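Visitor: Structure incoming, see below.
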Amino acid sequence: MEQIYSFQTQLLHNRHKFNQETGAVSVPVQHASTFHQKDFDRFGVYDYSRSGNPTRAALEEAIAELEGGKRGLAFSSGMAAISTAFLLLSQGDHVLITEDVYGGTYRMITSVLNRFGIEHSFVDMTNLHEVAQNIRENTKLIYMETPSNPLLKVTDIRGIVKLAKAHRCLTFVDNTFMTPALQRPLDLGADVVLHSATKFLSGHSDVLAGLAVTKDEELGERLYQLQNAFGAVLGAHDSWLVLRGIKTLHVRLEQSSRTALYLAEYLQKQEGVEKVYYPGLTDHEGFAVHSYQAAGSGAVLSFELANEEAVRQFVNHIKIPVFAVSLGAVESILSYPAKMSHAAMSREERYKRGITDGLLRLSVGLESAEDLVKDCRQALEVAQTVK
Ligand SMILES: *Cc1c(COP(=O)(O)O)cnc(C)c1O
């Protein structure tokens with residue numbers, strides 16, 4: 001279908017805006033695991049909920065449309081979506097993967113896929129030359145995440161897609177940080193978009209979910225077969241929660257992104273803040289590429305304080321954000337990569353990647369920007385007293 005509406009209207013006005021039978025203005029939650037077949041010779045669209053469920057199907061259709069893809073598939077978590085997509089590979093294949101990939105994906109590649117004879121190399125995905133040099137005969141997939149976590153490094157999606165196409169390998173993009181509201185990798189030539197819908201898409205820290213969208217029908221059918229075979233599907237109620245969250249995606253991201261920029265600019269000027277990472281800052285390394293390929297800078301920023309003790313004082317005194325892993329919610333979430341997302345990495349390896357003991361990541365929620373600045377100010381004042 002041609003895109004007739006702008007994105008924010010599309011979020012609300014799709015084929016499921018009301019139920020064709022009852023007029024209900026909310027997708028019915030279909031809990032049934034199995035479906036009665038009325039005709040002995042011809043079974044209906046639905047037979048068993050692992051293979052297909054009407055509530056999940058509504059979400060799958062919605063995300064496919066929003067990402068501009070042919071086929072959407074919903075999984076029980078972001079990792080379930082990512083892991084299932086990796087099953088498109090076979091023994092002997094090689095994957096090129098961004099070195100600052102999400103921790104769970106890192107674990108999947110290095111401790112599971114390797115046991116099945118799938119090789120991998122980590123590269124600095126922001127360096128096209130390095131990527132080109134690492135493509136091998138058997139490279140079948142290039143895996144991107146942009147902006148990355150927690151340093152918000154920006155990968156040139158079109159540049160990577162061009163390299164991949166020349167070598168006939170697939171490209172996957174983890175689009176969790178941007179969502180289709182801000183970045184549409186399929187339009188830039190990628191083959192598969194992956195999401196932890198646990199984050200911005202659902203947006204309320206109350207559901208675990210994953211989504212995959214393919215650019216073409218054939219790849220979509222292969223991924224569907226894997227979804228059905230592996231069975232890590234999203235439940236009906238959780239599908240409904242994600243559908244509901246998506247309705248407010250645009251307005252949530254718009255406000256959170258505005259506040260994130262405001263905070264990033266504020267933090268940049270503070271003594272005691274050594275560095276701020278946010279792709280919306282003009283001095284961010286990836287600013288130009290990001291501005292080209294995305295419609296906004298998102299709600300996640302990272303910043304660096306002097307040392308671990310300064311971070312401890314800051315975290316102990318800040319009041320508004322919850323101190324937790326995860327991101328992309330209505331409430332601001334502050335996390336400490338050294339002890340959370342990157343705890344498994346050696347200190348030396350972390351420092352090599354710029355993830356110091358002073359680094360904090362903030363996912364900005366919907367609180368007032370002024371309240372957040374005031375809160376940061378008082379916590380920074382305490383943190384600065386640390387030697
Ligand atoms: C959270 C996250 C994941 C994993 O998703 P789950 O829903 O936690 O399984 C994958 N990629 C990114 C970028 C994430 O932030």
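Visitor: Could you tell me which residue out of GLY78, VAL123, THR139 lies farthest along the dipole of segment 16-139 toward its positive end? Charges go on the beta carbon: Lys and Arg +1, Asp and Glu -1, centred on the Cα centre.
Guide: Value computed over the given set: GLY78.
Visitor: Continuing with this model, one more query. Tell me, how many Å apart are the Cα centres for segment 173-234 and for segment 248-277?
Guide: 26 Å
Visitor: Taking the Cα centroid of segment 76-135 and of segment 331-346, what is the distance between the two, rounded to the nearest whole Å?
Guide: 21 Å
Visitor: Based on the Kirkwood radius over alpha-carbon pairs, what value in µm²/s does the Stokes-Einstein equation return for the translational diffusion coefficient of segment 130-279 at 37 °C and 0.692 mPa s?
Guide: It comes out at roughly 189 µm²/s.
Visitor: Here's another thing I want to ask about it. When only alpha-carbon atoms are used, what values of Rg and Dmax, in angstrom, describe segment 7-246?
Guide: Both quantities, over Cα of segment 7-246: 18.2, 59 Å.
Visitor: Could you pull out every residue, at least 5 positions away or on a different chain, whose amide H is within less than 5 Å of the one on GLY210? Hs are placed 1.01 Å off N in the peptide plane, and Pro or chain starts have none.
Guide: Amide H neighbours of GLY210, under 5 Å, 5+ apart: PHE75, SER76, SER77, GLY78, ALA197.
Visitor: 7 Å from Cα along Cα→Cβ at both ASP187 and GLU308: what's the point-to-point distance in nm?
Guide: Here the answer is 4.5 nm between the modelled labels.
Visitor: Once you wrap a convex hull around the alpha carbon atoms of segment 250-383, what is its projected area averaged over all directions, in nm²?
Guide: Result: 7.8 nm².
Visitor: Pairs LYS199/LYS339; LYS70/LYS165; LYS165/LYS352; LYS165/LYS199; LYS153/LYS215: which exceed 27 Å Cα-Cα?
Guide: LYS165/LYS352; LYS165/LYS199
Visitor: Also: Please report the relative contact order for the chain, taking Cα pairs under 8 Å with a sequence separation of at least 6, and give it as a percent rounded to a whole number.
Guide: Computed value for the chain: 17 percent relative contact order.
Visitor: What's the carbon and sulfur percent of segment 7-246's accessible surface, probe 1.4 angstrom, rounded to a whole number?
Guide: That fraction is 51 percent.
Visitor: Could you pull out the chymotrypsin sites (Phe, Trp or Tyr not before Pro) across segment 1-110 that fall in loop regions by DSSP (anything but H, G, I, E, B) with no more than 10 other Cβ atoms inside 10 Å?
Guide: PHE40
Visitor: Could you work out the pair-distance distribution P(r) of segment 75-192 from its alpha-carbon pairs, with 5 angstrom bin width and percents rounded to whole numbers?
Guide: Taking all Cα pairs of segment 75-192, the binned fractions are 2, 12, 24, 26, 23, 11, 2, 0 percent.
Visitor: With axes computed from alpha carbons, what is the tilt in degrees of helix 157-166 against the longest principal axis of the chain, rounded to the nearest 10 within 0 to 90?
Guide: Helix 157-166 sits at roughly 50 degrees to that axis.
Visitor: Where does each of 22-31, 348-357 land if you order them by average Cβ count within 10 Å, highest first?
Guide: 348-357, 22-31
Visitor: Hey, another quick one. How large is the dipole of segment 135-178 about the Cα centre if only Lys and Arg carry +1 and Asp and Glu carry -1, each at its Cβ, rounded to the nearest 20 debye?
Guide: 220 debye
Visitor: I've got another one for you. Carbon and sulfur: what percent of segment 250-383's accessible surface (1.4 Å probe)?
Guide: 51 percent
Visitor: Here's something else I'd like to know. Determine the dipole magnitude for segment 250-383: charges of +1 sit on the beta-carbon of Lys and Arg, -1 on that of Asp and Glu, nothing else is charged, the reference point is the Cα centre, and the result goes in debye to the nearest 20.
Guide: Here segment 250-383 has a charge dipole of around 280 debye.
Visitor: Rank ALA197, ALA299, ALA166 by mean-square fluctuation in a GNM of the chain with C-alpha springs under 10 angstrom and give only the top-ranked residue.
Guide: ALA166
Visitor: What accessible area per residue comes out for segment 1-105, rounded to a whole number of Å², with a 1.4 Å probe?
Guide: In whole numbers, segment 1-105 has 55 Å² accessible per residue.
The values are calculated or read from the model by the stated rules, or taken from the named source; none is laboratory data. None of these values were measured; they are calculated from a predicted model. Heads up, the Cβs are rebuilt from the backbone with ideal geometry, glycines too, and the neighbour counts pull from every protein chain shown. When the accessible area is computed, the model is the full protein with side chains, heavy atoms only, and any ligands, DNA or RNA have been set aside. Shrake-Rupley method; radii C 1.70, N 1.55, O 1.52, S 1.80 Å.
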